[in-house]
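The values are calculated or read from the model by the stated rules, or taken from the named source; none is laboratory data. Please read these numbers as outputs of a predicted model, since none were measured by experiment. Note: ideal-geometry Cβ built from the backbone for every residue, glycine included; neighbour counts use all protein chains shown.
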Amino acid sequence: MRLLIIDDEEDICDLIAEIGQRNGFETRTVSNAENVQNALGDFPPDVIMMDLMMPGMDGVELLRTLAEKAKAAQLCLVSGSDSRVLNGARRLGSAHGLNVVAAMEKPLSIANLDAFFKTAAANVKKNDGEDRGLAISNGEFSLYYQPVVGLSSREMKGVEALVRWNHPDKGILMPDAFIRQMANDGLMHSLTEFVIKASIRQAATLYAAGEHLTMSMNVTASTLLDLSLPDQISDICAQYNLPPEMLILEVTESEAMRDVTRTMDVLLRLRLRNIGVSIDDFGTGHASLSELQRMPFSELKIDKSFVTTAPTNNDQAVIAKSIIDLGHNIGLRVIAEGIEDERAWDLMREKGCDLAQGYFVGHPMPAQELATWMDAWRNKKG
């Protein structure tokens, strides 16, 4: 939750920020009205506390600016003027379409601020939940694709589908900003269904164009407990004329071990349909070697924390090498994710890793940019 404080008095800003942070808000302060527009662009707020009397721009001008840039935010007006001015500004803000939820006279009361932020925080969470529910039906989610290439051949081997939320007010949001909340809201089934269908559709488009690339997608533990999952994926593949072997489902080590027996059922049925299964973030969970050997995985992804630090940390390099050897010894392909520079690339290739993924290879990108990236990579490879 983001709180923007617009006030030219530093002690007032500090007081509001302290109480806002106590209630779970990340805060930003602006003491010069000329900087308001930049702050709104860099720090899209959920809540704004604004003093009507700012040097260089009066409250009426500020309200007009907020109406253009931050209509969705909860707005609390603050002023040392009399209550008639404050109430007039509140009515004007509402007339501009702003969400004016409170008005406070100076000097500010700590108790009133605390009560305001508790209510504001509850409203942010409630509205965000509604936003997440509507976002799926409104088509606000999309997939970005990060390339996977061979370390020895440098050939393009596949892509990983990564979900993004094209939020109408906050721009492109990464999964860390919404996945946990969507799970709490009971929306993960709907989001996973979207990811699976969109991934298969894009994989089929690539396949029809002669690009026989694997398409990896992340699934949660609850998805892996759905006994109908293998049939659902097979049916969608048939619908888009995509060979099932072009798909790879990724599950983290910890999630795969949450209910081993039921997970085994689903994974085996996926593998019988030639759908690949990857154990993601390996090295950070608690899988025993016997459990790992029993599970029908087809590939293993070394957690990026080992890969990115291996060039400068010998202990991490030894761990990465051990994971590569372990994967190969039980018949798995091994991917190093988090290859951010040439040193990590060279080291993982030297250690015998099969595939590479990371910013050194390519950033996640929209589907329409993928063909251009592939041409550039192949020309660079040649």
Every residue from the range 175-221 that is under 19 Å from the mean Cα position of the chain (by Cα) and of a type in the set (S, T, N, Q): Q181, N184, S190, T192, S199, S216, N218, T220
Any hit, the range 115-136, residues being within 30 Å of E299 (Cβ to Cβ) and either not in a strand (DSSP E or B) or not assigned by TED's automatic domain parsing to the domain that holds T205 (or both): yes
Enumeration of residues in the range 11-23 that are over 25 Å from E61 (Cβ atoms) and touching a Phe, Trp or Tyr at 6+ places or on another chain (Cβ under 8 Å): I19, R22, N23
Condition check for D46: surrounded by 20 or more Cβ atoms within 10 Å (Cβ to Cβ) and touching a residue at least 60 places away in the same chain (Cβ under 8 Å): yes
All positions within the range 234-283 that are surrounded by 15 or more Cβ atoms within 10 Å (Cβ to Cβ) and among the hydroxyl-bearing types (S, T, Y): S234, Y240, T252, T263, S278
Residues satisfying the stated conditions in the range 226-252, i.e. among the aliphatic types (A, V, I, L, M) and more than 15 Å from R271 (Cα to Cα): I236, A238, L242
Selection within the range 208-253 - among the acidic types (D, E) and without any contact (Cβ under 8 Å) to a residue 60 or more places away in the chain: D226, D231, D235, E245, E253
Extreme residue, surrounded by the fewest Cβ atoms within 10 Å (Cβ to Cβ), among residues of the range 170-197 that are over 13 Å from R132 (Cβ atoms) and among the acidic types (D, E): D176
Every residue from the range 313-349 that is part of a strand (DSSP E or B) and either out of contact with any Lys or Arg (no Cβ under 6 Å at 6 or more places or on another chain) or without any contact (Cβ under 8 Å) to a residue 60 or more places away in the chain (or both): R333, V334, A336, E337
In the range 134-169, the residues that are over 25 Å from Q357 (Cβ atoms) and either touching a strand residue (DSSP E or B) at 6+ places or on another chain (Cβ under 9 Å) or buried (at least 19 other Cβ atoms within 10 Å of the Cβ) (or both): A135, G139, E140, H167
Any hit, the range 284-296, residues being aliphatic (A, V, I, L, M) and modelled with pLDDT of 90 or more: no
Lone unmet requirement of (1) more than 32 Å from the chain's Cα centre (by Cα); (2) surrounded by fewer than 17 Cβ atoms within 10 Å (Cβ to Cβ); (3) within 23 Å of D42 (Cβ to Cβ) for V78: (2)
Condition broken by T223, with the remaining ones in (1) closer than 30 Å to A72 by Cβ; (2) surrounded by 19 or more Cβ atoms within 10 Å (Cβ to Cβ) satisfied: (1)
Any chance I179 is farther than 25 Å from L270 by Cα, in the same structural domain as S234 (by TED's automatic domain parsing) and at pLDDT below 95: no
Near pairs, Cβ below 6 angstrom, 6+ apart or cross-chain, from the range 1-20 (closer than 17 Å to A115 by Cβ and in contact (Cβ under 8 Å) with a residue 12 or more places away in the chain) to any residue that is surrounded by fewer than 18 Cβ atoms within 10 Å (Cβ to Cβ) and of a type in the set (G, A, S): M1/G24
Condition check for M53: in contact (Cβ under 8 Å) with a residue 60 or more places away in the chain and touching a strand residue (DSSP E or B) at 6+ places or on another chain (Cβ under 9 Å): no
Extreme residue, farthest from G362 (Cα to Cα), among residues of the range 139-185 that are in contact (Cβ under 8 Å) with a residue 12 or more places away in the chain and hydroxyl-bearing (S, T, Y): S142
Failed item, numbered, when A209 is tested on (1) surrounded by fewer than 16 Cβ atoms within 10 Å (Cβ to Cβ); (2) of a type in the set (A, V, I, L, M, F, W, C); (3) over 30 Å from K380 (Cα atoms): (3)
Restricting the range 328-374 to residues that are surrounded by 17 or more Cβ atoms within 10 Å (Cβ to Cβ) and β-branched (V, I, T), the residue that is farthest from A204 (Cα to Cα): I339
